[in-house]
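The values are calculated or read from the model by the stated rules, or taken from the named source; none is laboratory data. Remember, it's a predicted structure, so these values are computed and weren't measured experimentally. Positions of Cβ are backbone-derived with ideal geometry, glycine not excepted, and every protein chain shown enters the neighbour counts. Remember, those area values only see protein heavy atoms, side chains included, never the ligands or the DNA or RNA. Shrake-Rupley method; radii C 1.70, N 1.55, O 1.52, S 1.80 Å.
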Amino acid sequence: MEPPVSAPAEDVIRRWDSTASDYSRDQMIFNGDRQEIDLYLNAVDELQKSMSSTSLSRSSSAESSALQIAMSRLEDEFRNILVSHTSPIETDSYSESTHSEFTSQEFELSEEFHENDLVKQLEHQETNCSISSISYKSTSSIRELDLLPSDAVYDLRCIAERMIASGYQRECIQVYASVRKSAVDASLKSLKVEKLNIGEIQRLDWETLETKIRRWIRAAKICIRFHFASERRLCEQIFEGLGESVDDACFMETIKGPTIQLFNFAEAISISKRSPEKLFKTLDLHDALSDLMPDIEIVFDSQSSESIRVQAAEILSRLAEAVRGILSEFENAVLREPSKVPVPGGALHPLTRYVMNYIGLISDYKTDLVKLIVSKPSTGSRYSSDPDVPDIDFSEFEGQASTLALHMIWIIVVLQFNLDGKSKYYKDESLAHLFMMNNVHYIVEKIKGSPELREMIGDFYLKKLTGKFRLAATNYQRATWVRVLHCLRDEGLHVSGSFSSGVSKSALRERFKAFNAMFEEVHRTQATWLIPDTQLREELRISISERIIPAYRSFLGRFRSHIESGRHPENFIKYSVEDLENAVLDFFEGYPVSQHFRRKHH
């Protein structure tokens with residue numbers, strides 16, 4: 001197609017000098033018809049050709065002046081096209097799903113972004129904007145969207161080509177970057193990515209940061225896979241081939257600030273103070289960034305954007321180190337938890353429940369954590385001079401447990417070590433054993449109730465734990481009932497002499513009185529003790545009955561007649577076998593009973 005016949009180039013250019021008339025100042029060439037646009041572009045081409053055919057020193061001042069006017073005009077046109085076709089991409093309607101996460105005291109719900117919804121949302125927006133050309137390039141998880149209409153891209157490239165050819169590359173890039181950076185900033189704002197420096201982020205409380213981490217993960221996926229990738233595509237469409245790495249320079253000028261703003265948050269979390277409640281959110285952040293790393297390598301693959309790739313990799317490494325450090329801090333916190341007030345009734349200690357819920361969440365994250373936890377825990381063998389650190393020989397787990405599983409076992413070891421120390425604060429030895437039985441039994445049941453955790457811990461260590469809570473139950477029975485059963489022995493009741501032999505009634509009366517007093521005291525005290533697990537409570541009651549009831553029945557059968565033949569037998573044989581059976585049912589309910597348990601009439 002032949003270019004339109006035009007007036008002398010300088011006349012065309014000066015006619016659109018914005019300083020020459022109100023019309024040229026208020027009107028934009030590229031808002032008009034195509035013929036006028038092409039006429040102006042051809043005039044610029046002719047002027048450039050004329051000036052290039054002569055040396056710079058021989059170019060007329062009129063030509064130089066005209067070129068400056070043309071470049072100023074094209075800069076304004078370039079800016080106007082960009083601004084008029086730039087609109088923020090709305091993100092409010094993106095759907096989210098939930099998964100569980102752990103905080104210091106409870107479980108909450110967190111947001112997760114569905115990327116396919118973004119593609120549908122963007123398609124819908126572009127359709128409504130009547131953009132005729134929508135194209136996506138699918139690389140990994142990246143979806144590149146045409147941000148501007150094809151005719152606008154064509155005009156921008158025409159202008160950029162002429163500005164760069166005339167030595168106005170810097171001006172062109174600055175105009176482009178200033179407009180597009182504003183658009184990217186608006187997108188970040190809509191995604192609730194705030195402009196906070198690292199210090200400001202670290203001063204926020206953790207509850208606030210948990211919310212911001214959820215938002216960041218969502219925003220980072222959208223920014224890198226959609227916004228930044230699409231910005232890069234637009235730079236390539238307009239600037240590719242117009243100069244050495246001009247498209248890359250434009251891209252970096254546009255997104256470097258927003259990228260630093262985005263990554264500052266993750267960096268601040270990676271170097272923040274470590275504490276146990278931060279583990280799972282920090283791990284979520286690490287996993288999200290790790291998942292994005294292949295996309296970051298693609299979107300920022302040029303030499304000039306190497307600093308962004310390096311920054312992302314360094315943050316990822318620091319987040320991994322933070323996860324390892326937080327786990328170590330948790331282990332130490334469990335070991336050193338300082339509470340000294342005994343739990344009433346020997347029930348579950350809050351630390352036990354907290355630690356086992358925490359470990360349960362760790363098992364849920366095991367796929368990701370097992371890649372990060374590569375060193376065995378620092379056990380007591382490394383602190384041989386410290387008696388307050390337990391020791392364990394991990395060699396017996398060789399080939400049976402992963403490094404992460406060893407950390408889980410170690411946490412349970414230090415938990416038991418701490419609980420054992422807390423049991424010493426009970427003045428009653430029986431209650432101390434009941435406390436350990438309750439807590440170790442809870443640990444065992446939590447492991448059994450989680451297939452993932454049971455697989456990690458393994459049957460070998462689970463059997464050890466089961467043996468420990470059974471030993472605690474045995475120690476409780478020994479500490480409580482041996483002295484009670486001692487009253488029901490035959491030794492010391494029989495007398496013999498030169499004239500007669502038989503049973504000493506006075507000794508027998510003392511035995512019954514001692515048994516009654518001891519049993520009543522145990523009943524009064526241990527009814528207030530608590531075994532929260534219904535099955536364990538019933539099993540221990542049965543075990544107590546199996547020890548006490550037959551012994552009492554036999555003792556009563558052998559010596560009842562000796563008491564009943566004397567005065568006031570009811571003062572000594574106060575309880576029937578059935579009375580004792582009913583009394584045992586009061587044990588471990590966690591609330592007080594009357595001074596004397598209910599007796600049947602004899």
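Observations, loosely collected:
- Three principal axis lengths of the stretch 421-516 [C-alpha, angstrom, descending]: 75, 27, 18
- Karplus-derived HN-Hα couplings along the stretch 506-516 (A = 6.51, B = -1.76, C = 1.60, θ = phi - 60°), whole Hz, x at Gly and Pro: 5, 5, 5, 4, 5, 5, 4, 4, 5, 4, 4
- Average Cα contact separation per residue, the stretch 211-278, under 8 Å, 6 or more apart, as relative contact order %: 26 percent
- The stretch 28-51 and the stretch 347-375: distance between their alpha carbon centers, rounded to Å: 69 Å
- Percent accessible area from carbon and sulfur atoms, the stretch 219-350, protein chains only, probe 1.4 Å: 49 percent
- Each principal axis of the Cα cloud of the stretch 239-311 was evaluated for its coordinate range; sorted largest first, these ranges are 53, 20, 14 Å.
- The largest accessible area among Asp459, Asp368 belongs to the first residue in Asp459, Asp368, and the rest follow in falling order (1.4 Å probe, all chains).
- Three-way shape label, the stretch 339-380, alpha-carbon gyration tensor, a/c 1.5: oblate
- In the complete set of protein chains, residue-level accessible area for Tyr168 is approximately 50 Å², probe 1.4 angstrom.
- Span from the the stretch 171-217 Cα centroid across to the the stretch 491-565 one, whole angstrom: 76 Å
- Taking 0.36 nm per residue of separation and subtracting the current Cα-Cα distance, fully stretching the chain between Lys424 and Val374 would add 14.4 nm.
- Sorted from greatest to least, the principal axis extents spanned by the alpha carbons of the stretch 183-251 come out as 49, 21, 15 Å.
- The Rg/Rh ratio for the stretch 289-331, using Cα coordinates for both the radius of gyration and the Kirkwood hydrodynamic radius, is 1.16.
- When Asp76, Asp247 are compared by accessible surface with a 1.4 Å probe, the order from highest to lowest is Asp76, Asp247.
- Directionally averaged projected area (the stretch 454-590, Cα convex hull): 10.5 nm².
- Relative contact order (%) - criterion: Cα under 8 Å, at least six apart; region: the stretch 236-326: 37 percent
- q = 0.13, 0.15, 0.17 Å⁻¹: log10 I(q)/I(0) that the Debye formula gives for the stretch 138-271, counting C-alpha atoms only: -0.61, -0.75, -0.90
- Taking the stretch 350-475 and dividing mean pair separation by its residue count, relative contact order in percent (alpha carbons under 8 Å, at least six apart): 28 percent
- Here the Karplus relation 6.51 cos²θ - 1.76 cosθ + 1.60, evaluated at θ = phi - 60°, turns the backbone of the stretch 449-456 into coupling constants of x, 10, x, 5, 5, 5, 5, 5 Hz, with x for every Gly and Pro.
- Binned Cα-Cα distance frequencies in the stretch 379-482 - 10 Å width, integer %: 14, 41, 33, 11, 1
- Surface exposure of the stretch 409-564, expressed per residue as accessible area with a 1.4 Å probe, stands at 47 Å².
- Within the assembled protein chains, the solvent-accessible surface assigned to Lys192 is about 120 Å², based on a 1.4 Å probe.
- A simple spin-label model places the labels of Asp151 and Ser65 3.6 nm from each other, with each point 7 Å out along Cα-to-Cβ.
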